[in-house]
1. I'm trying to understand the selection: among the residues of segment 50-61, which are surrounded by 14 or more Cβ atoms within 10 Å (Cβ to Cβ) and either modelled with pLDDT of 90 or more or more than 17 Å from residue 89 (Cβ to Cβ) (or both)?
2. If you take the residues in segment 220-238 that are among the aliphatic types (A, V, I, L, M) and surrounded by fewer than 15 Cβ atoms within 10 Å (Cβ to Cβ), which one is nearest to residue 188 (Cα to Cα)?
3. Can you say whether residue 47 is of a type in the set (Gly, Ala, Ser), at pLDDT 95 or above and closer than 17 Å to residue 238 by Cα, as far as the supplied structure shows?
4. Only one of these is more than 16 Å from residue 189 (Cβ to Cβ) and either assigned to a helix (DSSP H, G or I) or out of contact with any Leu (no Cβ under 7 Å at 6 or more places or on another chain) (or both): 119, 108, 146. Name it.
5. Among the residues of segment 214-249 satisfying the criterion of being closer than 12 Å to residue 163 by Cβ and not hydrophobic (A, V, I, L, M, F, W, C), which is modelled with the lowest pLDDT?
6. For residue 156, only one of the following conditions fails: (1) closer than 22 Å to residue 258 by Cβ; (2) not in a helix (DSSP H, G or I). What is its number?
7. Given 175, 247, 206, which one is touching a Gly at 6+ places or on another chain (Cβ under 6 Å) and either under 20 Å from residue 23 (Cβ atoms) or surrounded by fewer than 18 Cβ atoms within 10 Å (Cβ to Cβ) (or both)?
8. Within segment 161-177, restricting attention to residues that are at pLDDT 95 or above and among the aliphatic types (A, V, I, L, M), which residue is farthest from residue 122 (Cα to Cα)?
Amino acid sequence: MSRVRHRDERDTTDGPAPIVLVTGVGRTVGIGAAIAVRLAADGWDVATTHWTPYDDRMPWQRQDDGPARVAAAVRDRGSRVLTVPADLEDPAAPAALLDTVEAGLGPVTALVMCHCESVDSGLLDTTVESFDRHYAVNVRASWLLVREYATRWRGAAGRGRVVALTSDHVVGNLPYGATKGALDRMVIAAARELAHLRVSANVVNPGPVDTGWMGPELAARVREQTPLGRGGTPQDTAALVSFLCSPEGGWVNGQLLNADGGLHVG
């Protein structure tokens, strides 16, 4: 299958494909998987991370072959792929991950962070252990990934990208919501702090996307409350991330973008 490379349409010299690292790609139905496949279709070589033990704490079933199936879909689009298990609760994991990706594919052009810890609990029943794990994965690991990415950046001015996925779900989900808020601030700050690298940094809020966690009643309520009359899909989010990572998306910087069909309005 042929692939379309943005580079070939705009640059005067042909070079290697740009490389994207997409974290949190453990299941074929996830947003991270859709982003990885879409960027492969755009001409990116793709590295992905996963941590299957996380799925054991979630209501959906673990998908042991998920990373391999996503990798196969990336290859079907003509791209190189590297699949790396990474326990992002470990503070040493981000540096080790970037080392592995650079050795296997090359230097990273875009960092797309889809990983998260998300175990429901509220103000009164969240444990310290859960609270600390959420901060370790959602905030500390994301900061360390951005720092590693930035300190290793050697690419062309204006070509680097940092994109993170966020959420405004806070009620009954205290540690997740609190850490997503911290993630937002950190990534938006990067739009200024990485100015010397000419790297853009943005946050995307896809709203509620059913990747296996919605029951029928919630899915129906989301459709009813969304002005466009349907729920979001992983491909909807992937389309926006594709634009942000493209040359045309380079002028968008320091933004928190809602891509939820208008659900947030009102």
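1. Scanning segment 50-61 gives 50, 51.
2. 228
3. yes
4. 119
5. 237
6. Unmet condition: (1).
7. After ruling out the rest, the residue left standing is 206.
8. 162
The values are calculated or read from the model by the stated rules, or taken from the named source; none is laboratory data. These numbers were taken from a predicted model, which means no experiment stands behind them. Using ideal geometry, Cβ is built from the backbone for each residue, glycine included, and neighbour counts are taken over all protein chains shown.
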